[in-house]
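The values are calculated or read from the model by the stated rules, or taken from the named source; none is laboratory data. Predicted model only: the values in this text are computed from it and were never measured. Reconstructed Cβ throughout: ideal geometry from the backbone, glycine too, with neighbour counts over all protein chains shown.
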Amino acid sequence: MKRYYQPEIETASPEQMRAWQDERLVKQVQHVWDNVPFYRKKMEEKGLTPADIKSVDDLKKLPFITKDDLRECYPYGLLAKPLNECVRIQSTSGTTGKRVVAFYTQHDVDLWDDCCARAITAVGGTNEDVCQVAYGYGLFTGGPGLNGGSHKVGCLTLPMSSGNTDRQLQFMTDLEATILCCTPSYAAYLAESVNERGLRDKIKLKAGIFGAEAWSEEMRRDIEKQLGIKAYDIYGLTEITGPGVSFECEEQTGMHVNEDHFIPEIIDPNTGEVLPEGTKGELVFTSITKEAFPLLRYRTRDICVLSRKKCSCGRTLIKMAKPMGRSDDMLIIKGVNVFPSQVEAVLLEQGYQANYQIIVDRVNHSDTMEVQVEMTPENFSDSLAKITEMEKSLVAALKTMLGIYAKVKLVAPKSITRSEGKAVRVIDKRKI
């Protein structure tokens, strides 16, 4: 099996990688200074010029960029290349404010495709594979990113986009798809549909590349069991490029960062201080090869850990752990930090599927938390006493995990709306 798409990069020595990063960072800082007035102003406010940035050691001197900055600069304020050199835009959903619009030159698209090709090759993808891309296309980066990577690898690419499950399953079986790319919540839904329709022995899937939302190890194991595949994580964000910023290998113990293109840091989310390797904190990325929309020290708000522990796959690229939550949409309930991933882990451990919603409210000046959980066909009961007993068991397990009381309401199978894109896990009704 071919293990690497670009072995000379993926297995480069630390010294070689550092040399590439130093050279590219210096060039990138000069690029944004010359072409993006917003960056020049930010640097001048800190008393910096490009001459102050000589290597990665100087990265910590640069100012951070946040999503608020991107919204303030919408649409063209961070563009670093003339529009006539740009060939593509991608955009975030804009559900929490103005959209973030990212621009790409053809060079940017080519490098992005390479990053996704590395991810597909890492899960065993070759030109013999049929790659079913069931991420959304259009402005969402998921579909276009994996589509481009699949082409680079030489797979037969099925550009399905998300939704239309009947058609997904028809093509999956008729064209014998071997690699599935979609969000983990949609993968879980497809797995449920495959088994309901008795198609398990008709599918040829061997691997799945699932990202764009948080998912737990328990959910991974459940999808693997239901579909008979290996399920791999992929990470990315529109602001940096899209999927392929990092990807899992056969070890499945974290995602290798494509650090020839993106320099990762971990910071204290409260102070901005750079933390040592192995410490949990907020992930920050600097794009060192992007031309049209290069972000320096972009605060992702994702909480994770970086590690250079040697990997059995042979890649020398630094690894990031699966994000443990986000510093911006972490729920604070009665003063306690709560991440949806913690709730999901409890549900899966207790034999439920990852179909749930967390409803947070404030009653008489006090926070309340209710977790609505679908019963599975196996544990479904119309006995009120049985349901009450099951709810009490979940309440106790959640109290152990979270440290606070959460009301649990068990609901009938399939009564929570299924997601074909990113799942809506939290409804926060508080007026804060």
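Quick notes on this structure:
- Residues in segment 174-219 that are closer than 22 Å to G351 by Cα and small (G, A, S): S185, A187, A188, A191, S193, G198, A214, S216.
- Any chance Y137 is surrounded by fewer than 23 Cβ atoms within 10 Å (Cβ to Cβ), of a type in the set (S, T, Y), without any contact (Cβ under 8 Å) to a residue 60 or more places away in the chain and more than 17 Å from P243 (Cβ to Cβ): no
- Among residues of segment 59-91, those that are without any contact (Cβ under 8 Å) to a residue 24 or more places away in the chain, in a helix (DSSP H, G or I) and of a type outside the set (A, V, I, L, M, F, W, C), counted: 4
- Look at segment 169-182: where a residue is in the same structural domain as V133 (by TED's automatic domain parsing) and a partner is of a type in the set (D, E), sitting 6+ places away or on another chain with Cβ atoms under 8 Å, you get T178/D129; I179/D129.
- Summed over segment 155-175, the residues that are touching a helix residue (DSSP H, G or I) at 6+ places or on another chain (Cβ under 9 Å) and not in a helix (DSSP H, G or I) give a count of 9.
- Those strands (runs of 3 or more DSSP E) of segment 325-432 in which 1 or more residues are out of contact with any helix residue (DSSP H, G or I) (no Cβ under 9 Å at 6 or more places or on another chain) and touching a residue at least 60 places away in the same chain (Cβ under 8 Å) occupy 356-363, 366-374, 426-428.
- Every residue from segment 277-305 that is under 29 Å from E218 (Cα atoms), part of a loop (DSSP other than H, G, I, E, B) and not basic (K, R): E277, G278, T279, V305
- Among the residues making up segment 276-306, those that are of a type in the set (S, T, Y) and either within 21 Å of L25 (Cα to Cα) or within 18 Å of the chain's Cα centre (by Cα) (or both) are T286, S287, T289, Y298, T300.
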